[in-house]
Amino acid sequence: MTRVAGLQILRVIACVGVFLCHLGAQMEVEGTIEKFMDFGARGVYLFFILSGFFGFQSRELENENKITGCVRYWIKRAFKILPLYYALVIYNFVLYELILRNIPPDSSGIGWPRYFFLLSTFIPADRNFWVNLCSTWTISIFVLFYLFVPLMKRWVNSFKGAVLLWGALYLLSLVCLNRVAYGMPFFYLHYFVMGIVFYYAEKEGRIKELIIGCVTFVLGSVVVNHTLTHTACSMLFLIVIIMAKEIKVENQRLQKVINIFDSYSYTIYLTHAVVMDGIEMIRNRYPISQVTILLIGIGCTIAGCFVVHHLIERPMEKLGQRCLQKMHG
């Protein structure tokens with residue numbers, strides 16, 4: 001998959017945005033700064049769209065043997081996404097089950113299998129602890145999308161088909177989100193499909209039509225809802241992605257720096273939540289200043305990302321590569 005500097009930068013910005021949102025909440029910022037940092041939460045949707053675009057670019061799905069290609073695709077993504085997620089789950093299990101011994105009851109009676117089997121957002125719970133522990137609510141959505149990608153690639157093979165799929169999933173989200181308690185990840189798939197729409201728009205030379213469609217949707221949404229909804233905001237993100245796709249970086253050193261930050265984007269996305277939970281625990285016991293929270297938040301996130309990247313992510317990615325090599329051999 002060819003690296004595109006502009007999209008790499010956007011992926012880093014998306015993760016940093018989520019980090020800033022959670023940091024702002026811990027610092028209890030107010031006014032304009034609060035609005036700016038809260039907006040970072042929408043970086044999740046930017047991340048979804050980019051994942052949809054990159055997901056359809058995979059070379060494994062171009063394999064002549066469709067079954068082998070699908071298996072290789074799933075293995076590669078599993079070794080990228082799941083190791084850090086499960087490290088986070090195990091960390092929280094040890095912390096709350098063995099050390100703090102302070103676990104709220106799960107109304108569904110499922111408990112920790114929610115996280116081990118990626119069920120936290122599929123099955124409702126009356127406590128956020130069992131739905132979004134350490135901000136992991138999006139992981140089951142990512143996994144669901146990547147499971148569906150080979151099927152989508154087989155049946156959606158044009159710009160028109162991608163637009164129809166997006167429309168169907170968007171209608172599903174309108175009807176079900178906040179009304180149907182079960183199966184929440186399905187209601188967020190339309191954000192990923194925006195990336196697929198962009199993939200085919202670029203492939204078929206229909207970028208202009210896509211931009212007109214996005215602008216029309218945003219204007220119509222603002223008129224109807226009197227606010228910038230998450231979907232409308234994501235349409236604006238899609239226009240930004242289209243423009244960022246054209247950014248070229250000729251300087252090799254700068255490209256290397258971008259590559260490094262991009263390689264840590266998912267690490268930042270998950271690891272910072274552990275730091276934020278730790279800050280909250282400290283705040284509940286001792287008064288600490290905003291400056292202290294800022295320093296702890298940034299410093300511990302950087303240190304934590306470096307540790308887990310080298311101790312968990314890189315070794316597991318190498319293990320995944322060996323598994324793929326054995327399959328190829």
* Structure fact -> Residue separation between Ile99 and Arg179 times 0.36 nm, minus their alpha-carbon distance, gives in nm 25.1 nm
* Which residue, His230, His190, His309, tops the fluctuation ranking in a GNM of the chain built on C-alpha contacts under 10 Å? -> His230
* Taking amide hydrogens as modeled 1.01 Å from N in the peptide plane, which residues meet the under 5 Å criterion relative to Arg127, leaving out close sequence neighbours? -> Ser107
* Kindly write out, for segment 68-82 in residue order, the coupling ³J(HN,Hα) from the Karplus curve 6.51 cos²θ - 1.76 cosθ + 1.60 (θ = phi - 60°), rounded to whole Hz, with x marking Gly and Pro. => 4, x, 5, 4, 4, 4, 5, 4, 4, 6, 4, 6, 8, 8, 6
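Taken together, the values in this text are just the output of simple stated rules run on the coordinates, not laboratory data. Only a predicted model underlies this, so the values are computations on that prediction, with no experimental measurement involved.
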